[in-house]
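Okay, structure first, notes after.
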Amino acid sequence: MRVLHIDSSMRKERSVSRMLSQFLVDRVSGAHEITIDRLDLTENPPPHITQGFQNALRTKESDRTAEQIELLAESSSLIKRIKNCELMVIGVPMYNFSIPSALKTFIDHIVIFGQTFTSDENGDSGLLSGVKAIVINSRGGKYTKEEGTAHFDFVVPYLTSILEYIGITVLTCIKAEPTQYYGPEAKEMAVEKAKKEIIHTVAHLRFKSAAS
Ligand SMILES: Cc1cc2nc3c(=O)[nH]c(=O)nc-3n(C[C@H](O)[C@H](O)[C@H](O)COP(=O)(O)O)c2cc1C
């Protein structure tokens, strides 16, 4: 099974999302034969999309200049990497109630008409139906109905919607919360709970090409 392992936290050493996404990949690797494609969006952030990028996309493929082909190279490469995997694991911290800008830019590069979604008189449909995703989201606070803060969470609803829009099946979004604002004990409990959810999720993973 081919796994695309993505991280987007600016922290390296003490990052909860990185630690948990690695924990998940290690568990998957313990249960299945896998190859890992690693994408660290903070080490290799895609460039912001531009008017030139949009113009290149709208130009017929055979008419594109060398400069336009170069402008689309990152997008083509990222889409290829996604199409080539069966499972995407995305580690994502909450920044200002939303996702890190490098992850948003990554999304701007992969949500492309004709390549990852299409549209006709029946509406829009995603083209990446062979790909599944698991999202691991770390957040300093708590975002629940009980706390009255659920509506501040623009990470899980957004990522689920946009990934499903391009046809990816989001198996689950595992939330590690609160990692910061409620003290070290609460953080430890949040991490343990997330690990249990990861173990449960991996135990129920089924893949066409899985060796086990
Ligand atoms: C720039 C920045 C913005 C943040 N904004 C929020 C926020 O809006 N809500 C929240 O609960 N935590 C927020 N946090 C805390 C992080 O979500 C938390 O520390 C999380 O564990 C970060 O993920 P990481 O451990 O993988 O780096 C913010 C942290 C940073 C650095």
(request) For residues that are under 16 Å from T105 (Cβ atoms) and of a type outside the set (A, V, I, L, M, F, W, C), tally how many sit in the range 49-68. (result) 4
(message) Within the range 187-202, take every residue that is of a type in the set (A, V, I, L, M) and closer than 13 Å to S138 by Cβ and give me the one that is surrounded by the fewest Cβ atoms within 10 Å (Cβ to Cβ).
(response) V191
(request) Quick one: which helices (runs of 4 or more DSSP H) lie wholly within the range 53-124 and hold at least 1 residues that are touching a residue at least 40 places away in the same chain (Cβ under 8 Å) and within 16 Å of the ligand (Cβ to nearest atom)? (result) 101-110
(message) Six or more apart or on different chains, Cβ atoms under 9 Å: show the pairs whose first residue is in the range 41-52 and surrounded by 15 or more Cβ atoms within 10 Å (Cβ to Cβ) and whose second is aromatic (F, W, Y) and part of a helix (DSSP H, G or I).
(response) L41/F106; P45/F106; P46/F106
(message) Among (1) over 19 Å from I162 (Cα atoms); (2) of a type outside the set (D, E); (3) under 15 Å from the mean Cα position of the chain (by Cα), there is one condition H109 misses while meeting the rest; what is its number?
(response) (1)
(request) Just give me the residues in the range 55-69 being surrounded by fewer than 13 Cβ atoms within 10 Å (Cβ to Cβ) and touching a Leu at 6+ places or on another chain (Cβ under 7 Å), in sequence order. (result) none
(request) Search the range 146-157 for residues that are in a loop (DSSP other than H, G, I, E, B) and pair each with any residue that is away from the ligand (no atom under 12 Å from the Cβ) and at pLDDT 95 or above when their beta-carbon atoms are under 9 Å apart and the residues are at least 6 apart or on different chains. (result) V155/V135; V155/C173
(message) Looking at I162, I134, can you tell me which residue is within 21 Å of N84 (Cα to Cα) and in a strand (DSSP E or B)?
(response) I134
(request) Give the range 77-97 a look and list any residue that's more than 21 Å from R2 (Cβ to Cβ) and buried (at least 16 other Cβ atoms within 10 Å of the Cβ), or say none. (result) P93, M94, Y95
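Here is a yes/no grid of residues against (1) within 14 Å of M88 (Cβ to Cβ); (2) modelled with pLDDT of 95 or more; (3) within 16 Å of the ligand (Cβ to nearest atom):
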residue: I162; (1), (2), (3): yes, yes, no
residue: Y165; (1), (2), (3): no, yes, no
residue: K175; (1), (2), (3): no, yes, yes
residue: T179; (1), (2), (3): no, yes, yes
residue: A186; (1), (2), (3): no, yes, yes
residue: V191; (1), (2), (3): no, yes, yes
residue: L205; (1), (2), (3): yes, no, no
(request) Please enumerate the residues belonging to the range 4-52 that are under 17 Å from the mean Cα position of the chain (by Cα) and part of a helix (DSSP H, G or I). (result) V16, S17, R18, M19, L20, S21, Q22, F23, L24, V25, V28
(request) Say whether the condition of being free of Cβ contacts under 8 Å to residues at least 24 places away in the same chain, of a type in the set (K, R) and either part of a helix (DSSP H, G or I) or under 17 Å from K132 (Cβ atoms) (or both) is met by at least one residue in the range 191-202. (result) yes
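The values are calculated or read from the model by the stated rules, or taken from the named source; none is laboratory data. Computed from a prediction, not measured in an experiment: that's the story for all the values here. Glycine gets a Cβ as well: all are built from the backbone with ideal geometry, and neighbour counts include every protein chain shown.
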